[in-house]
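*Asks:* Just dropping this structure here.
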Amino acid sequence: TEEALEILQYPNVSLCDVVIIMKFHPKHEKICEIGLGVLWNLAYEALNNIDREIIANQGGIECILSAMSFFPHSVTMQEYGCGALQNLALSTTNKRAISNAGGISKIIRSMKLHHADCDLQDSACVALQNLSMDNEMNKKIIADEDGIS
């Protein structure tokens, strides 16, 4: 576990290392928190949708949603998860993948659990905005999940 934490804090940690470590330690709060932060940065720094889709195809979305599920009461974890999803959702392919994996429900649940946290609300709103942009199905899911109030 200490070695995994060290690897996650390397300046140039690889996407594969992050995903493998998070999948191997899905219930370790510190590993998941750091891993989500790295995934958020990787998704933010992605130069184009192909790079964002690589993150998704390597298991990034699965790791994000898993960590958000295991740690619903961690504001930091929820904010980092929503932040990563907001950047990954710039890709049309990823919008479908996030939605199909239940990501919209997890984002809305985060917003309801942590309604007083402005940073989380901001990340979650941008994630929902990106997920709904040019996607009628996701707009419907957001409405059906009471994501509009």
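The values are calculated or read from the model by the stated rules, or taken from the named source; none is laboratory data. Predicted, not measured: the structure shown is a model, and the values here were computed from it. With ligands, DNA and RNA removed, areas are computed over all heavy atoms of the protein, side chains included. Shrake-Rupley method; radii C 1.70, N 1.55, O 1.52, S 1.80 Å.
*Asks:* Scaled to the compact-protein estimate 2.2 N^0.38 Å, what is the alpha-carbon radius of gyration of the chain, rounded to two decimal places?
*Replies:* Numbers: Rg = 14.2 Å, N = 149, 2.2 N^0.38 = 14.7 Å.
Compactness ratio reported: 0.97.
*Asks:* Related question: Please label the shape of the stretch 109-149 as rounded, prolate or oblate, based on the square roots a ≥ b ≥ c of the eigenvalues of the alpha-carbon gyration tensor (a/c under 1.5 means rounded; beyond that, a/b larger than b/c means prolate, else oblate). Provide the component values of the computation, followed by the final result.
*Replies:* Details: a/c = 3.41, a/b = 1.65, b/c = 2.07.
Note, shape of the stretch 109-149 comes out oblate.
*Asks:* Given the DSSP H assignment, sum -39500 (n - 2.57) over each helix run of at least 4 residues in the chain and divide by its residue total; what's the result at 222 nm in deg cm²/dmol, nearest 500?
*Replies:* Values: 10 runs with 112 residues, N = 149.
The helix contribution divided over the chain gives -23000 deg cm²/dmol.
*Asks:* Need one value: the accessible area of Thr1 in square angstrom, 1.4 angstrom probe, rounded to the nearest 10.
*Replies:* 80 Å²
*Asks:* If you don't mind, there's one more thing I want to ask. Taking N as the number of residues in the stretch 36-97, what is its Cα Rg relative to 2.2 N^0.38 Å? Working shown, then result.
*Replies:* On the way: Rg = 10.7 Å, N = 62, 2.2 N^0.38 = 10.6 Å.
For the stretch 36-97, the normalised Cα radius of gyration is 1.01.
*Asks:* Could I ask something else about it? Computing the accessible area with a 1.4 Å probe over protein heavy atoms, can you report the carbon and sulfur percentage for the chain?
*Replies:* On the way: 4010 of 7720 Å².
It is 52 percent, rounded to a whole number.
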